[in-house]
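*Asks:* Handing you a structure now.
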Amino acid sequence: MNATEIDDLVRTADPLPHGAAERWAVSREAFAIRDATRVVAPAETEQARGRIARPGRLVAIVAVVLVVGAAAAGAVAILGRPAPPSVKRDIAQLDAGLPADIRLNPDVESARSVATTGRSTLYYAELRDGGFCTEIVTAGEVGRGANCTTGPQASSRPIEVSVPFTDPITPSSPVTIGGRVNVASASLAIVYADGTEHAIPFGTDHFFIFDVPAPKLAAVHSHAFDLVARSASGSEVAKASVPAVAPDSGLDADQPIFVSTISDGDDLTKVLGIEGSVNVEGAVRLELVFPDGSRVEVPLAADGSYRIDLPADRRDDLYERPGTLIARDGEGTEVARAPVAAVAFWRAQERAASQ
């Protein structure tokens, strides 16, 4: 690498202050199989929580300290740079509205950059249990949503991967991959479906971030690919398979009863209302059964959509235990059912499972 290339790298890799960040939920695995959530902010704005179509991933590019005389002194700030306020807000927001006993309490004030490609940067905040929270910020100063991995989860996942995306997805949509390799390894590579691969340099502490080159975008949009970590001798030590970054396959309609809870962002133990759709042929009625056994009819439209607003005295009923939505046909026979609970209930289940 000559001096001109180094100067170019330093200029492009130094992140700028970032603007307002998009909200992104924590984990596809957690919410896609259970509950999608709409959070209503006090000023009538809405935050989408738990509605994810892809798992999130991160890739680190240049974890080096460049030393080319006094002119290169600024390169030290490429990694380890304090996270901008927007990233700190996004990470802190992951605990917002949750009871104190299930908060993760990331070290937001010490959040910093741990991997960068110049165009994209991965920021990191430490958790007390050895885990971490991260957010990818891409071109245009766009935060792609924060997510957290607890210490026990990191120990059980050799490679933590996140692939944020922007709708609509096209064959040429940019794809950024990020995360961390949690096992001892000397190198990391992305291996495409045709067997070709690109090296992914590590950032700080084996964090990584990678912008898929334009000639390979069609490949990752249409085919699954792998991230492969190798030892110094070149032998494989860990592999993570990542599905194609394809358009949403219609997850809502694939569920017999799609459930989306409406919550107050200040208190995620409460459920203000429930909405969604019943996607089972023959269903003509829908009822909500509360944990105490009481039942209420839920209006069901001809197209299968529904919405019910809960009265103030029932908004706390779905926190400690879930209720159940039951769909019935014209003869009263049950044709589908789905659990429904507050965001804080599902969050508590996830965090208990990760211990």
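The values are calculated or read from the model by the stated rules, or taken from the named source; none is laboratory data. Remember, it's a predicted structure, so these values are computed and weren't measured experimentally. Cβ: placed from backbone, ideal geometry, glycine included. Neighbour counts: every protein chain shown.
*Asks:* Report, by residue number, each residue of the range 145-162 that is surrounded by 17 or more Cβ atoms within 10 Å (Cβ to Cβ) and touching a Ser or Thr at 6+ places or on another chain (Cβ under 6 Å).
*Replies:* Within the range 145-162, Thr150, Gln153, Glu160 qualify.
*Asks:* Turning to a different aspect of this structure: If you check Glu350 against the conditions, is it among the charged types (D, E, K, R) and buried (at least 16 other Cβ atoms within 10 Å of the Cβ)?
*Replies:* For Glu350, the condition - among the charged types (D, E, K, R) and buried (at least 16 other Cβ atoms within 10 Å of the Cβ) - is met.
*Asks:* For the condition out of contact with any helix residue (DSSP H, G or I) (no Cβ under 9 Å at 6 or more places or on another chain) and among the aromatic types (Phe, Trp, Tyr), what is the one hit in Phe225, Phe210?
*Replies:* It is Phe210.
*Asks:* Restricting to the range 163-200, give me the number of residues that are over 16 Å from Ile136 (Cα atoms), surrounded by 14 or more Cβ atoms within 10 Å (Cβ to Cβ) and out of contact with any strand residue (DSSP E or B) (no Cβ under 7 Å at 6 or more places or on another chain).
*Replies:* Residues that pass the stated criteria total 2.
*Asks:* Would you pick out the residues in the range 298-338 that are more than 23 Å from Asp266 (Cα to Cα), touching a residue at least 12 places away in the same chain (Cβ under 8 Å) and not in a loop (DSSP other than H, G, I, E, B)?
*Replies:* Answer for the range 298-338, where residues must be more than 23 Å from Asp266 (Cα to Cα), touching a residue at least 12 places away in the same chain (Cβ under 8 Å) and not in a loop (DSSP other than H, G, I, E, B): Leu300, Ser305, Tyr306, Thr324, Leu325, Ile326, Ala327, Arg328, Val335, Ala336, Arg337, Ala338.
*Asks:* Out of (1) touching a Phe, Trp or Tyr at 6+ places or on another chain (Cβ under 7 Å); (2) of a type in the set (A, V, I, L, M, F, W, C); (3) at pLDDT 95 or above, what's the single condition that is false for Phe210?
*Replies:* Tallying (1) touching a Phe, Trp or Tyr at 6+ places or on another chain (Cβ under 7 Å); (2) of a type in the set (A, V, I, L, M, F, W, C); (3) at pLDDT 95 or above, Phe210 fails exactly one: (1).
*Asks:* So for the range 279-288 (the condition being within 15 Å of Thr324 (Cα to Cα), β-branched (Val, Ile, Thr) and modelled with pLDDT of 95 or more), does at least one residue qualify?
*Replies:* Taking every residue of the range 279-288 in turn, none turns out to be within 15 Å of Thr324 (Cα to Cα), β-branched (Val, Ile, Thr) and modelled with pLDDT of 95 or more.
*Asks:* Could you figure out which of (1) outside the structural domain of Phe345 (by TED's automatic domain parsing); (2) under 25 Å from the mean Cα position of the chain (by Cα); (3) not small (Gly, Ala, Ser) isn't true of Arg230?
*Replies:* (2)
*Asks:* Given the conditions (1) of a type in the set (A, V, I, L, M); (2) in a loop (DSSP other than H, G, I, E, B); (3) not assigned by TED's automatic domain parsing to the domain that holds Ile308, which single one is not true for Val280?
*Replies:* (3)
*Asks:* Moving to a separate point now. Tell me the strands (runs of 3 or more DSSP E) entirely within the range 150-268 that contain at least 1 residues that are in contact (Cβ under 8 Å) with a residue 40 or more places away in the chain.
*Replies:* On the way: elements: 159-162, 176-181, 187-191, 197-199, 207-211, 225-230, 236-242, 257-264.
Hits in the range 150-268: 159-162, 176-181, 187-191, 207-211, 225-230, 236-242, 257-264.
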